[in-house]
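Scroll down for the structure; my scribbles are underneath it.
The values are calculated or read from the model by the stated rules, or taken from the named source; none is laboratory data. Here the structure is a predicted model, which means the values were calculated and not measured. Please note: Cβ atoms are built from the backbone with ideal geometry, for glycine as well, and neighbour counts cover all protein chains shown. Note: accessible area is taken over every heavy atom of the protein model, side chains too, but ligands, DNA and RNA are not part of it. Shrake-Rupley method; radii C 1.70, N 1.55, O 1.52, S 1.80 Å.
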Number of protein chains: 2
Amino acid sequence: MVNVRCATCKYLRRRCPSDCIFSPYFPSNNPQRFESVHRIYGASNVAKMLEQLPSSLRPQAAETLCYEAESRIQDPVYGCAAIIFQLQQQLHNTECELAKTRAEIAIIRSNGHGQESDIYSADEY
Amino acid sequence: MVNVRCATCKYLRRRCPSDCIFSPYFPSNNPQRFESVHRIYGASNVAKMLEQLPSSLRPQAAETLCYEAESRIQDPVYGCAAIIFQLQQQLHNTECELAKTRAEIAIIRSNGHGQESDIYSADEY
């Protein structure tokens, strides 16, 4: 039987033990995935973070560590905080738009549905 | 003159050089800030990430690294990806609410402002 090493053990040029902490989350066919987390966190920190979790939660942890590492590689200044800022801005804009639209309905109703408010033009919708 | 070491150099029990890469972002009066990034990334990875940036962008990088590290300590499974998922959900809900409100305005208008739509009750607003 050929011993298939995971991406981590291949990268670190070591034997892949049967209970390798990396093996389920860093398969040999996707070396980039391990290289990203290794570059940002270092292999030993990733191992520590996975080991402190029950095995049922490790897939999600590995996934989000990869996501954050790739975000940091793409944007070395803001990392995935850039995505958070962008979503916060989008949410703020949408909430403002919703408040404006609700205010418009209130004005239409208070006018007895007879006269539209002058402050919003019809072509906005 | 007393030589004040930054939080990193104090933690690593070393002399703080005048050109210390950590010193501007990890002051001695906030040791927790360095301990968080050290625990998640390791001091040498943080130094590498800061060194590869022009000094004008390092404050933002240090800030977002601290933010991500603290998020990972608080939520070891999802880290700050949890905040992204939550914001995406909030944005989706607000967009749905906005679409519903705009549809209601369209219905009110198409009814010649005479009859409200039956599908939305007035007490929603």
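List of remarks:
- Selection status of A:Ala62, facing another protein chain (nearest Cβ under 9 Å), under 20 Å from B:Ala81 (Cβ atoms) and within 15 Å of the chain's Cα centre (by Cα): no
- All helices (runs of 4 or more DSSP H) inside the range B:1-63 with 3 or more residues being open to solvent by 40 Å² or more (accessible area, probe 1.4 Å): B:31-40, B:43-51
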